[in-house]
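Colleague: Below is a structure I'd like to ask you about.
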Amino acid sequence: MALLELRDIHKTYHLGGETIRALDGVTLDIDPGEFISIIGPSGSGKSTLMHILGCLDSPTSGTLKLDGTMIHDASARQLATIRNKKIGFVFQFFNLLPKLTVRQNVELPMVYSGASNKERRERAMDALRLVNMEDRSKHRPSQLSGGQQQRTAIARALVNDPRIIFADEPTGNLDSNTGEMILQMFDKLQQEGRTVMLVTHDPEIAAVTPRRIEIRDGKIANEIDPKLAGDAPRFEQVSSREAETTP
Amino acid sequence: MNIGTVIQSGIKEIGAHWFRSALTMFGVICGVASLVTMASFVKGKENLLRESLAQTGGLEKITLESEDDLPDYQKHLEGEAKGVTLKDVYALQNGAPLVHTVTPIVNKRYPRVSRRGKGTRVSSLLGTWPSAVELLEHEIEHGRMFNMMEDHLGNNVCVIGTEVRNSLFGEYDEQGQPINPVGEKILINYLPFTIVGMFKEYMSDEDRKKKNEAIARGETISRRNPFSRFRGGDRNARRTQYIYYQKNSTVMVPLNTLVSKLDSSYETGSAMDRKLSEVTMKIHDVSLMSPSLQQVRNVVMRTHKGLEDFEFETQEEFADDINLAIHNERVSGMFIAGICLLVGGIGIVNIMLSSISERVREIGIRKSIGATTLDIFTQIITESVVLAMAGGILGLIVSPILVNTLAGFAEDTTPPVMTSMAMMVAFGFSVLTGSLAGLFPAIKAAKLDPIQALRYD
Ligand SMILES: Nc1ncnc2c1ncn2[C@@H]1O[C@H](COP(=O)(O)OP(=O)(O)O)[C@@H](O)[C@H]1O
Ligand SMILES: [Mg+2]
């Protein structure tokens, strides 16, 4: 059974009489343990898709099944629990809470899942060890470099042992070396058996993942899936041209 | 999410903006402090008024007075009207089981009391029976009350209050000891009387405390006790002071002595028919006020052969006055405190709204990692309540200072009485203010769409 089943997802926005089809009929299955990238130019609907997959947003129409649960039927409370227990997010702008220390930031998901103080501390330190940040646990985000902040964010995404980790342009705010290191970290996590989805406009980054899905104007324009017979060269061509036009 | 963590992070959030928080708390501090202060002054006043009600016999006391003005249909019988007499006293003792301590009183106004050329006019001289001690809430400090035998014989004996002693003998002797005048002779309207007893000095607890402190400091040699004097200040305080003063200025002599020797206006004739100023008694049960009054009326109507030359006076009016005065002060005080708390509450709403608009991103992050709507709501409302509670606690700390300062400024008002009840209520109101003020910002924060919040760059 697929971990995530997306069926004919539409998401439309109405802005001053104009209808924006951010997603226009997306159907997609994600299996446990996959390493996937969603690629496409800016404004193509990648983030919208990730938000829907991550139960942060609900589609205008279409169905989403996560781990056998129809998300359509879930209450806001259940959605929060799903986000808390089954999903980990990593964002372009790190999104750490500036007033909390690194460890407290990593503990935050467990605050909402109701773990004891001791358990919170131990698991937060375990997660920080995974991203080589254990010696910075008492620092505040403002005292860290971008790469360190992103590693903290990854630790936070990992700490409740989610079924899938979504990363929206995780290297977008990092220099290329640091970005490379972050990507290696995701690679390692995937090899340890986790499901990871990268969202990016950069084909070089997308090249890290075996499975690549290209989004254009809210539709799946192209897909490379090693499970099926793929046509990699065309995909590379299209996206590198695209990459030059996007910021 | 556990509540301890929420409160902890609420306190942290307030601490992070301590100056802003302190400004916000100011309104609540004012509200709580003014509530406590108001309640303390009203309570002080209430205690004093209730005390003076008790000092004058309490609600149980009812008085039967002679009334010269007859109702219209009896006007032609005016010559027959004898007013209240000893006949009524005996009739009531036998025929009105709902009342007790029925006591006749003849009140002679402004008699001259003197000793060795030093004289004073006391406000009233009462000719009465020994039961007047119990009836008028007196206590004997030295000597004894005169007895019925002395009344029967019309002996020249009297019992005086401490103010009379102070005027005639001074309060303290050369050794600084209070003077005991029992056994001394004084003149009442130029007739010699022997003092057989003296009442204790009546004063409010507050004045007694002040006096004891003064004594401890060694300020004992004053001819007059300055604390029992009738002083300025507000109306109710004066009223109470006056009641103590009057009570301390009492002179009591046996009824018979007064009637036969001191009052020239009394005609000769049967002692039973002598007109009394009043017959005073107590009822057994205040809740039976109207049946008791009815019973007394029935008995007196019979002895007066239907002539309505008497009327009742109860202390209910005084009690009603007290309740009304307290109620009015409470309402106006609550109004002021309420406005302070309202202003404080608006301050909290304001600060919470600006706080959440600064923290849109934080709220979005929290939601993206699993905070429920309720978690966010709880977080914001907790911050608001913690803020208000901190204000409330500071207000409680400030209020005794405020109460004492105000009491110091207005020396002559009734001393305030702080009660833990008032403090609890005020604190409760601060918590209520915090929860109400936090409600709207908390709902607003909880409703924030996490996507919009995360897009916020
Ligand atoms: N809240 C919104 N209101 C209106 N339009 C929106 C909103 N969110 C996204 N969009 C539009 O939907 C489209 C897809 O956006 P997004 O998913 O952020 O693209 P990407 O992440 O690929 O850059 C864009 O055209 C964007 O302007
Ligand atoms: Mg995007």
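The values are calculated or read from the model by the stated rules, or taken from the named source; none is laboratory data. Worth saying up front: this structure is predicted, and the values here are computed from it rather than measured. In this analysis, Cβ positions are derived from the backbone assuming ideal geometry, glycine residues included, and neighbour counts consider all displayed protein chains.
Colleague: Any residue that is more than 23 Å from the chain's Cα centre (by Cα) and exposed (fewer than 13 other Cβ atoms within 10 Å of the Cβ) - is there at least one of those in region B:257-265?
Modeller: Scanning region B:257-265, I find at least one residue that is more than 23 Å from the chain's Cα centre (by Cα) and exposed (fewer than 13 other Cβ atoms within 10 Å of the Cβ), so the answer is yes.
Colleague: How many of the residues in region B:146-174 are assigned to a loop (DSSP other than H, G, I, E, B) and more than 36 Å from the chain's Cα centre (by Cα)?
Modeller: Residues that pass the stated criteria total 4.
Colleague: Continuing with the same structure: What number of residues in region B:117-153 are hydroxyl-bearing (S, T, Y) and free of Cβ contacts under 8 Å to residues at least 60 places away in the same chain?
Modeller: 2
Colleague: Consider A:L100 against the criteria (1) surrounded by 24 or more Cβ atoms within 10 Å (Cβ to Cβ); (2) more than 8 Å from every other protein chain (Cβ to nearest Cβ); (3) aliphatic (A, V, I, L, M): it satisfies all of them except one. Which criterion is unmet?
Modeller: Here A:L100 meets the rest and fails (1).
Colleague: Which condition breaks for A:G147 when tested against (1) modelled with pLDDT of 90 or more; (2) of a type outside the set (S, T, N, Q); (3) on the phi > 0 side of the Ramachandran plot?
Modeller: Every condition holds for A:G147 apart from (3).
Colleague: Of everything in region B:197-221, what is surrounded by 20 or more Cβ atoms within 10 Å (Cβ to Cβ) and at pLDDT 80 or above? Give them in sequence order.
Modeller: Answer for region B:197-221, where residues must be surrounded by 20 or more Cβ atoms within 10 Å (Cβ to Cβ) and at pLDDT 80 or above: B:G197, B:M198, B:F199, B:E201, B:Y202, B:M203.
Colleague: So, one more: Take region B:352-369 and flag every residue that is away from chain A (no Cβ under 14 Å), surrounded by fewer than 22 Cβ atoms within 10 Å (Cβ to Cβ) and hydrophobic (A, V, I, L, M, F, W, C).
Modeller: Of everything in region B:352-369, those that are away from chain A (no Cβ under 14 Å), surrounded by fewer than 22 Cβ atoms within 10 Å (Cβ to Cβ) and hydrophobic (A, V, I, L, M, F, W, C) turn out to be B:L353, B:I356.
Colleague: Which ones in region B:57-70 are surrounded by 11 or more Cβ atoms within 10 Å (Cβ to Cβ) and not in a strand (DSSP E or B)?
Modeller: Within region B:57-70, B:G57, B:G58, B:L59, B:E60, B:E67, B:D69, B:L70 qualify.
Colleague: Only one of (1) under 19 Å from A:K188 (Cβ atoms); (2) within 14 Å of another protein chain (Cβ to nearest Cβ); (3) buried (at least 20 other Cβ atoms within 10 Å of the Cβ); (4) not hydroxyl-bearing (S, T, Y) is not met by A:D168, so which one is it?
Modeller: Condition (1) is where A:D168 drops out.
Colleague: Could you please give the count of residues in region A:3-23 that are under 17 Å from A:T63 (Cα atoms) and of a type in the set (S, T, Y)?
Modeller: 1
Colleague: Right, B:H138: assigned to a loop (DSSP other than H, G, I, E, B) and either more than 32 Å from the chain's Cα centre (by Cα) or under 27 Å from B:T63 (Cβ atoms) (or both) or not?
Modeller: Against the criterion (assigned to a loop (DSSP other than H, G, I, E, B) and either more than 32 Å from the chain's Cα centre (by Cα) or under 27 Å from B:T63 (Cβ atoms) (or both)), B:H138 qualifies.
Colleague: Here is a follow-up. Does A:Q92 fit the bill of being within 16 Å of ligand 2 (Cβ to nearest atom) and farther than 20 Å from A:R211 by Cα?
Modeller: yes
Colleague: Do any strands (runs of 3 or more DSSP E) entirely within region A:173-227 hold 2 or more residues that are within 14 Å of chain B (Cβ to nearest Cβ) and more than 16 Å from ligand 1 (Cβ to nearest atom), and if so, which?
Modeller: In region A:173-227, there are no strands (runs of 3 or more DSSP E) which contain 2 or more residues that are within 14 Å of chain B (Cβ to nearest Cβ) and more than 16 Å from ligand 1 (Cβ to nearest atom).
Per-residue answers, yes or no, for (1) more than 16 Å from ligand 2 (Cβ to nearest atom); (2) buried (at least 18 other Cβ atoms within 10 Å of the Cβ); (3) free of Cβ contacts under 8 Å to residues at least 12 places away in the same chain:
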residue	(1), (2), (3)
A:H51	no, yes, yes
A:S58	yes, no, no
A:A74	yes, no, no
A:A80	yes, yes, no
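Colleague: Turning to a different aspect of this structure: In region B:418-457, how many residues are more than 14 Å from every other protein chain (Cβ to nearest Cβ) and within 16 Å of ligand 2 (Cβ to nearest atom)?
Modeller: Residues flagged as more than 14 Å from every other protein chain (Cβ to nearest Cβ) and within 16 Å of ligand 2 (Cβ to nearest atom) within region B:418-457 amount to 0.
Here's the yes/no breakdown for (1) touching a residue at least 60 places away in the same chain (Cβ under 8 Å); (2) surrounded by fewer than 17 Cβ atoms within 10 Å (Cβ to Cβ):
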site	(1), (2)
B:I381	yes, no
B:G395	yes, no
B:S399	yes, no
B:T405	no, yes
B:A410	yes, yes
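Colleague: Between a first residue in region B:302-313 that is crowded, with 17+ Cβ neighbours inside 10 Å and a second residue that is among the aromatic types (F, W, Y) and not in a loop (DSSP other than H, G, I, E, B), which pairs have beta carbons less than 9 Å apart while being 6 or more apart in sequence or on different chains?
Modeller: Cβ pairs passing all conditions: B:T303/B:Y90; B:H304/B:F310.
Colleague: Being on the phi < 0 side of the Ramachandran plot and either within 16 Å of ligand 2 (Cβ to nearest atom) or basic (K, R) (or both) is the filter here; which residues of region A:154-173 pass it?
Modeller: A:R156, A:R163, A:F166, A:A167, A:D168, A:P170, A:T171, A:G172, A:N173
Colleague: For A:T63, are the conditions met, namely being more than 12 Å from chain B (Cβ to nearest Cβ) and either within 16 Å of ligand 2 (Cβ to nearest atom) or modelled with pLDDT of 90 or more (or both)?
Modeller: Criteria met by A:T63.
Colleague: Here's another thing I want to ask about it. Have a look at B:E311, B:E317 and point out the one that is modelled with pLDDT under 90, farther than 30 Å from B:V385 by Cβ, within 26 Å of the chain's Cα centre (by Cα) and not aliphatic (A, V, I, L, M).
Modeller: It is B:E317.
Colleague: Give me a count of the residues in region A:121-149 that are touching a Leu at 6+ places or on another chain (Cβ under 8 Å), assigned to a helix (DSSP H, G or I) and away from chain B (no Cβ under 14 Å).
Modeller: Total meeting the criteria: 5.
Colleague: Considering B:L396, B:L406, which residue is at pLDDT 90 or above, away from chain A (no Cβ under 14 Å) and farther than 15 Å from B:F440 by Cα?
Modeller: B:L396
Colleague: From the list B:A410, B:A446, B:A426, exactly one residue is within 27 Å of B:L49 (Cα to Cα), of a type outside the set (V, I, T) and in contact with a Leu (Cβ under 9 Å, 6 or more places away or on another chain). Which is it?
Modeller: Just one listed residue meets the conditions, B:A426.
Colleague: Taking region B:1-42, which residues are among the charged types (D, E, K, R) and either within 14 Å of chain A (Cβ to nearest Cβ) or without any contact (Cβ under 8 Å) to a residue 12 or more places away in the chain (or both)?
Modeller: Result: B:K12, B:E13.
Colleague: Pick from region A:21-49 the residues that are of a type in the set (A, V, I, L, M) and within 14 Å of another protein chain (Cβ to nearest Cβ): which of them is farthest from ligand 2 (Cβ to nearest atom)?
Modeller: A:L23
So that you can scan it fast, the table gives a plain yes or no per residue for (1) part of a helix (DSSP H, G or I); (2) of a type in the set (A, V, I, L, M, F, W, C); (3) within 14 Å of another protein chain (Cβ to nearest Cβ):
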| position | (1), (2), (3) |
| --- | --- |
| B:F318 | yes, yes, no |
| B:H327 | yes, no, no |
| B:Q379 | yes, no, yes |
| B:S384 | yes, no, no |
| B:A388 | yes, yes, no |
| B:G392 | yes, no, no |
| B:P416 | no, no, no |
